[in-house]
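Here's the structure we're looking at; comments come further down.
The values are calculated or read from the model by the stated rules, or taken from the named source; none is laboratory data. All values reported here derive from a predicted model rather than from experimental measurement. Every residue, glycine among them, receives a Cβ derived from its backbone with ideal geometry; neighbour counts consider all protein chains shown.
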Amino acid sequence: MRSKLLAIISTIFLLTGCMDKEVFSKVEDTSIVGKAPKAVKITGDEHGIVKLKSDTSSNIEVKIQKVRASCSTERSRSLGSDFDGYILIEVYKDGKFAAKAQMDFKTEPSKKDFEKVWRKLAGDLKWF
């Protein structure tokens, strides 16, 4: 009986979107995996989530963006959407794409959402 109740509650959470959003990540340049750099060039970090020294002359750049989705077709407006945009954090080494992590958001993302994406990316890079 208890397991049936748990299954029903889990299904309700899944259907209503109350579960945590998944963070997707990709590391393309494995040379940056390992010990965190001493400093990085940081852009777009309005919440101060990157706890690395900021140096505009660093060859490693961390870009943080909040990207709003804008579907303007009649069909997309009538069906609605289960997300309003996504948080995107990218790492570049010597100007070339090296790694990224992203997560969808509904309404407005919070600082905790940005932190979650950064933790995933920094963890995949083994920077902490």
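In this structure, does residue 83 turn out to be part of a helix (DSSP H, G or I) and either touching a strand residue (DSSP E or B) at 6+ places or on another chain (Cβ under 7 Å) or at pLDDT below 95 (or both)? Criteria not met by residue 83. Among the residues of segment 26-53, those that are closer than 16 Å to residue 94 by Cα and of a type outside the set (D, E, K, R) comprise 27, 30, 31, 32, 33, 36, 37, 39, 40, 42, 43.
Residue by residue, here is whether (1) assigned to a loop (DSSP other than H, G, I, E, B); (2) in contact with a Ser or Thr (Cβ under 9 Å, 6 or more places away or on another chain); (3) surrounded by 13 or more Cβ atoms within 10 Å (Cβ to Cβ); (4) at pLDDT 95 or above holds:
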| residue | (1), (2), (3), (4) |
| --- | --- |
| 14 | no, no, no, no |
| 19 | yes, yes, no, no |
| 31 | no, no, no, yes |
| 49 | yes, no, yes, yes |
| 75 | no, no, no, no |
| 100 | no, yes, yes, yes |
| 103 | no, no, yes, yes |
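Scanning segment 105-128 for residues being in contact with a Phe, Trp or Tyr (Cβ under 7 Å, 6 or more places away or on another chain) and under 20 Å from residue 35 (Cα atoms) gives a total of 1. If you filter segment 33-47 down to residues that are of a type outside the set (Val, Ile, Thr) and touching a Phe, Trp or Tyr at 6+ places or on another chain (Cβ under 9 Å), you find that the one that is modelled with the lowest pLDDT is 35.
When segment 105-128 is filtered for residues that are surrounded by fewer than 12 Cβ atoms within 10 Å (Cβ to Cβ) and assigned to a helix (DSSP H, G or I), the ones remaining, listed by number, are 111, 112. Taken over segment 27-39, the criterion of being farther than 17 Å from residue 124 by Cα and out of contact with any Asp or Glu (no Cβ under 6 Å at 6 or more places or on another chain) is satisfied by 38 alone.
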